[in-house]
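All remarks here apply to the structure that follows.
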Amino acid sequence: MTALTGVGVSPGVGFGPGYVLAYETPVPAPDARHGGDAGAERDRAARALERVAADLEERGVRAGGEAQDILSAQALMARDPGLAVGVAGLIDAGKSAARAVYEAFGGYREMLVDAGGYLGERAADLDDVRDRAIAVIEGLPVPGLPSRAAQPYVLIARDLAPADTALLSRDVVAAFVTEQGGPTSHTAILARAMGVPAVVACPGATSIAPGTPVLVDGVSGLVRPAPSEEEVATARNAASARDAVLAATTGPGMTADGHAVPLLANIGGPRDVDGALEHGAEGVGLYRTEFLFLDRTTAPSGEEQEAAYLEVLEAFPGGRVVVRTLDAGADKPLAFLPPQGEEPNPALGQRGLRLLRAHPEILNTQLAALARAAARSSAKLQVMAPMVATAEETAWYVATCKEAGLPSAGVMIEIPAAALRAADLAEEADFFSLGTNDLTQYAFAADRQVGALTALQDAWQPALLDLVALAVAGAAEHGRPCGVCGEAAGDPVLACVLAGLGVTSLSMAPPALPAVRAALSRHTREQCRLAAQAALAGTSPQEARAAARSHLPGLAGLAL
Ligand code: PEP
Ligand code: MG
């Protein structure tokens with residue numbers, strides 16, 4: 001079988017026997033009816049859904065981290081009162097419990113898929129809850145994966161349910177390969193958090209025969225079934241040599257000539273702090289607070305928020321912690337905070353700061369909780385707003401933060417208009433943080449959720465680099481720092497270019513920190529500057545990258 005290609009979303013090389021997730025719960029027959037006792041049948045369905053919810057919750061507690069948030073959200077799906085009513089109604093109409101669950105979930109699924117974006121991506125989670133409930137009702141084995149193995153396996157699936165991946169560890173899984181999913185799918189998020197190589201959007205992967213040895217490269221996206229011994233040895237040697245070299249560079253981020261570029265962590269909550277510290281993060285550059293708010297029917301209280309913020313601040317005594325105030329809307333809709341009116345293009349709608357201006361009480365509660373947490377800790381708290389387009393919005397946000405007693409307030413540069421008029425925004429803000437994920441989406445009019453547009457969602461696009469340069473220059477006019485917290489910061493080659501463009505700090509998923517630290521340490525500031533100039537002169541992402549690399553000779557020794 002020839003090699004397959006997908007999108008590498010978690011770096012590293014993995015090799016092991018392929019475990020193809022083929023188990024599927026049989027679909028209950030359309031004419032499956034119960035024996036006449038609707039009450040008993042409703043109880044069966046309700047008990048099955050509750051058992052599934054409790055099991056998911058328990059798995060979440062055992063897994064911890066982001067997996068727990070995902071599994072708790074799935075447990076909420078199993079306990080959804082609307083679904084329960086739908087199931088009961090179908091049973092009253094004579095359907096068997098299993099068929100009623102199947103049909104009621106089907107209706108919800110369609111709604112999620114039609115909503116698209118973040119909600120659309122949750123359809124796989126809903127299917128998993130449905131299959132688990134049907135398996136319980138029918139007395140079938142509940143879908144699952146071996147959580148122990150004699151030899152770590154390469155897990156291959158069409159898509160993976162969080163309940164399955166949550167209990168897996170690096171001792172069991174050598175790599176993940178999925179046919180579906182994108183860089184924001186659960187497989188990608190969890191694989192990165194686990195530090196396991198992963199390739200998503202890899203067509204044909206499930207046709208690999210179970211047990212076939214598979215070699216996976218989480219950087220290039222190459223998936224090679226039945227590789228030669230030599231291919232495996234070469235890939236493994238390269239990966240372990242690289243890891244050893246990367247581990248040799250420690251300490252704060254800086255160029256070879258001592259120019260400091262602080263290396264910070266992107267986190268979603270207190271559970272991510274250990275990973276950040278383990279990889280030597282100097283602080284937090286992006287605390288995505290929306291994870292506290294998602295999947296809730298009411299806003300978390302100020303006290304609950306204060307506790308979550310304080311836990312993170314206390315992990316970095318004297319260090320910097322940049323908290324992003326709630327970034328809701330578009331692909332992160334909040335049940336208790338719907339947009340006002342219909343939005344045909346949610347990514348261009350009332351999201352981020354725009355939504356908070358419409359609901360100032362939510363922002364004020366969050367800022368007050370942050371101010372109280374900061375007063376109880378020695379960490380340097382900074383707050384920043386997402387989705388800022390103008391100087392007027394910047395001035396409003398900064399004034400609101402200062403009124404709440406927060407000493408440092410900045411804005412994310414995620415919209416091209418903000419980069420183009422960066423000097424105006426810098427006059428108002430204490431600092432900038434470049435959100436290159438959204439900045440790319442809006443600069444190229446290419447929805448970041450759409451897998452078919454990956455070529456345009458590339459931060460190496462010279463036009464994106466131009467916007468970065470503009471933002472840095474605008475910040476510098478007013479002596480303001482300008483960091484990057486989008487995914488671009490975690491690409492070690494691009495990190496050198498960003499430093500060369502004058503970016504003052506880099507924040508990324510913690511496992512990306514060692515490679516970025518090592519790449520920076522092997523080049524002077526001048527080499528980074530030349531690499532940046534060369535990249536800006538390119539006319540395509542490929543050209544920009546190749547030109548930058550030619551000025552960064554130290555990368556060769558890192559096998560990057
Ligand atoms: C970004 O847009 O680059 C960013 C860091 O924010 P998020 O990915 O959470 O939208
Ligand atoms: Mg963003």
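The values are calculated or read from the model by the stated rules, or taken from the named source; none is laboratory data. Because the structure is a prediction, the values reported are computed rather than measured. Glycine gets a Cβ as well: all are built from the backbone with ideal geometry, and neighbour counts include every protein chain shown. Accessible surface areas use protein heavy atoms only, side chains included; no ligands, DNA or RNA. Shrake-Rupley method; radii C 1.70, N 1.55, O 1.52, S 1.80 Å.
Any lysines with Cα under 18 Å of the Lys402 Cα? List them, leaving off those in the same chain fewer than 8 positions away.
Lys380
From the square roots a ≥ b ≥ c of the eigenvalues of the alpha-carbon gyration tensor of the stretch 448-560, which class results: rounded (a/c under 1.5), prolate (a/b over b/c), or oblate?
Numbers: a/c = 1.20, a/b = 1.02, b/c = 1.18.
Here the stretch 448-560 falls in the rounded category.
In whole Hz, what ³J(HN,Hα) sequence does the stretch 346-353 give by Karplus (6.51, -1.76, 1.60; θ = phi - 60°), x for Gly and Pro?
Karplus values, whole Hz, x for Gly and Pro: x, 5, 9, x, 8, 10, x, 4.
Angle, helix 525-536 long axis vs. longest principal axis of the chain, Cα atoms, 0 to 90°, nearest 10?
In the chain, helix 525-536 runs at an angle near 60 degrees to the longest axis.
Using protein chains only and a probe of 1.4 angstrom, how many square angstrom of Arg525 are accessible, to the nearest 10?
Roll a 1.4 Å probe over it and Arg525 shows about 100 Å².
If I take the Cα coordinates of the chain and project them onto the principal axes, what are the three extents in Å, biggest first?
78, 62, 41
How far is helix 123-138 tilted, in degrees, relative to the longest principal axis of the Cα atoms in the chain, given as a value from 0 to 90 rounded to the nearest 10?
The two axes meet at around 30 degrees.
Loop-only trypsin sites (Lys or Arg not before Pro) in the stretch 339-394, please: DSSP not H, G, I, E or B, and at most 16 other Cβ atoms within 10 Å.
Values: sites: Arg351, Arg354, Arg357, Arg372, Arg376, Lys380; in loops: Arg351, Arg376.
Here the sparse-neighbourhood loop sites are Arg376.
Nothing charged except the Cβ atoms of Lys and Arg (+1) and of Asp and Glu (-1): what's the magnitude of the dipole of the stretch 3-126 about its Cα centre? Round to the nearest 20 debye.
200 debye
Between the stretch 31-70 and the stretch 407-454, what is the C-alpha centre distance in whole Å?
Taking the Cα centre of each part, the stretch 31-70 and the stretch 407-454 sit 42 Å apart.
How far apart, in nm, are the 7 Å Cα→Cβ label points at Ala399 and Val113?
Here the answer is 4.9 nm between the modelled labels.
Two decimals is fine: what's Rg over Rh for the stretch 14-134, C-alpha atoms, Kirkwood radius as Rh? All intermediate terms of the calculation are to be shown ahead of the outcome.
Values: Rg = 15.6 Å, Rh = 15.3 Å.
Ratio of gyration radius to Kirkwood radius for the stretch 14-134: 1.02.
Could you give the angle, 0 to 90 degrees to the nearest 10, between helix 38-63's Cα long axis and the longest principal axis of the Cα atoms of the chain?
30 degrees
Which FRET efficiency, nearest 0.05, do Glu314 and Asp257 yield, Cβ-Cβ r, R0 41 Å?
0.75
Using only the heavy atoms of the protein chains and a 1.4 Å probe, how would Arg170, Arg79 rank by accessible area, largest first?
Heavy-atom accessible area, descending, gives Arg170, Arg79.
Given H placed 1.01 Å from N in the peptide plane, which residues other than close sequence neighbours of Gly502 have an amide H under 5 Å from its amide H?
none
Starting from the alpha-carbon convex hull of the stretch 253-558, give the projected area averaged over all orientations, in nm².
Working: hull surface 59.1 nm².
For the Cα atoms of the stretch 253-558, the hull's average projected area reads 14.8 nm².
Can you list the residues, at least 5 places off or on another chain, whose amide H is less than 5 Å from the amide H of Val9, using H built in the peptide plane?
Close amide H contacts, sequence-distant or interchain: Ala198, Val199, Val200.
Given C-alpha coordinates of the stretch 388-431, what is the ratio Rg to Rh with the Kirkwood estimate of Rh?
The Rg/Rh ratio comes out at 0.96.
Could you work out the relative contact order of the chain? I mean the mean sequence separation of Cα pairs under 8 Å and 6+ apart, divided by the number of residues, in percent.
13 percent
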